[in-house]
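Heads up, the thing below is written out as structure tokens.
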Amino acid sequence: MRNLKAEVVRNAAKLKGWDVILRDLCPEIDSRAFDKPGRHTKCPVHGVAGRGGDGFKFFRKDFQDSGGGMCNTCGTYPDGFSLLMWVKNYGFADAVADVGDFLGIRSTEDENQQEKVNRANEQALAARRKELEEKEAASNLYHSKKLNELWKGSLPLTHPDAEPARLYLASRKILCWDREGVERVVRFHPSLSSYNEDGEFEGDFPGIVAKVTKAGLPITLHRYFLTPKGLKAPVQSAKKMCMYPTDRLVTGGGIFVGAWDKEEIDVCEGLETAWAIETGTNFAVQVHSLVNATLLEGFEPGPRTKRVRIWIDKDRSGRGEEAGMNLKKRLWEKGIQAQILTPSLPLLEGEKSVDWNDVLVQLGCMGFPQMRRAA
Ligand SMILES: [Zn+2]
């Protein structure tokens, strides 16, 4: 039935557990996402697990209660209804009707009956919520401790032992690891443990760790797994964000070397891209890496920012351009000037994407616009 009371269906869904409901209603979602909320799987909408471990996951924190999840590329869906609307490409009333139907709420009579059931179970639901909160608090403490340990074990990129990081960056023609302020944000780690999406140990590798912050506050660390000779490590995903406490939100965050709240700033997706633009413009600009398309789209400029240059990736999927356009639109609405800069290279047959790092490797400084050095 259409026009059911959303709250009645929502509470009934919590009682049943969104995991049970969505598993049945969404066969297009990889079952491994249900087996372990928080695990990345192939996105049910945009189809491929893209670069840098992009993909879909349910919220680790409260999936059973909320039904929420996110795709690094497509966006965030805070509850089961919004998730269904996204996966099925239909409206809110359809999502409520679908869930109602699955739960046997199909008429006004069913609805009244369910309201009574919901009320009778209020205490049980509250108890479950409390149990979840306690578990979450313990896990948050664990993750924040792990992040601190990892950072403490890191070295500046200029340290003699950080050769794998420098070899990797040099292979991408990037030469700004010794830039002022880098050591406070991007560092080398001699031994990072890599686990694949199934939680299987893949080995310990040297790598780069980058602090992801939001408005100056640390959120998590982004890791780049390398070999001792500076190649990408032979793992499922060579770039991975660390797990972080659920009371922190990564949206709006990024890898900010230097002041993030300036009148004029430059942003892009990947760290290599950011540093390639700096190298390619002969250090006329300082570029902040927002890690991936979703974070780029969600970027929040500081109160002083008046102009933003968005250096986008050109992807086969069009996602990089879309994220850039969405950010540009949002910035203009805030009264901030925004400009998009697209890599000056064609996307060739068989290539998934080109970014400004490819421009630097193939064209050198010639591939970059002439930039005046900021005062
Ligand atoms: Zn997606």
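Roughly what % of DSSP beta bridges within the chain run antiparallel, to the nearest 5?
Details: 33 of 46 bridges.
Percentage antiparallel, nearest 5: 70.
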Net length gained if the chain between residue 161 and residue 94 were fully extended (0.36 nm per residue, minus Cα distance): 18.4 nm
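Keeping the other protein chains in place, figure out the carbon and sulfur percent of the accessible area of the stretch 1-139, with a 1.4 Å probe.
49 percent
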Cα-Cα over 28 Å, subset of 135/240; 173/240; 36/314; 57/145; 211/328: 36/314
Phi-based couplings in Hz for the stretch 97-106 (Karplus 6.51, -1.76, 1.60; Gly and Pro marked x): 4, 4, 5, x, 4, 4, 8, x, 9, 10
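Could you order the peptides 144-157, 268-281 from most to least packed, using the average number of other C-beta atoms within 10 Å per residue? Walk me through the intermediate numbers first.
On the way: 144-157: 15.1, 268-281: 26.3.
Listed from highest to lowest mean packing, they are 268-281, 144-157.
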Amide H contacts of residue 203 (H built 1.01 Å from N, under 5 Å, at least 5 apart or other chain): 194
Charged-residue dipole, Cβ positions (Lys, Arg, Asp, Glu), the chain about Cα centre, Debye nearest 20: 780 debye
Charge-dipole axis of the stretch 6-120 as Lys and Arg at +1 and Asp and Glu at -1 on Cβ define it, positive-most pick from 26, 56, 92: 56
Accessible surface of the stretch 142-239 [probe 1.4 Å, protein heavy atoms]: carbon and sulfur percent: 54 percent
3J(HN,Hα) from dihedral phi, the stretch 303-308, Karplus parametrisation 6.51/-1.76/1.60, rounded to Hz, x for glycine, proline: x, 8, 6, 10, 9, 10
Solvent-accessible area per residue, Å², over the stretch 152-297 with all protein chains present [probe radius 1.4 Å]: 40 Å²
Percent carbon-and-sulfur accessible area, the stretch 251-375, ignoring ligands, DNA and RNA, probe 1.4 Å: 51 percent
Karplus-derived HN-Hα couplings along the stretch 3-19 (A = 6.51, B = -1.76, C = 1.60, θ = phi - 60°), whole Hz, x at Gly and Pro: 6, 6, 6, 4, 5, 5, 5, 4, 5, 4, 5, 4, 4, 6, x, 4, 4
Tilt relative to the chain, helix 271-280 - C-alpha long axis, 0 to 90 degrees, to 10: 30 degrees
Within the stretch 154-249: Cβ-based charge dipole about Cα centre, in debye rounded to nearest 20 (Lys, Arg +1; Asp, Glu -1): 440 debye
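The values are calculated or read from the model by the stated rules, or taken from the named source; none is laboratory data. All of these numbers come straight from a predicted model, not from anything done at the bench. As a convention, Cβ positions derive from the backbone with ideal geometry for all residues, glycine included, and neighbour counts pool all protein chains shown. What goes into the accessible areas is simple: the full protein's heavy atoms, side chains included, and nothing from ligands, DNA or RNA. Shrake-Rupley method; radii C 1.70, N 1.55, O 1.52, S 1.80 Å.
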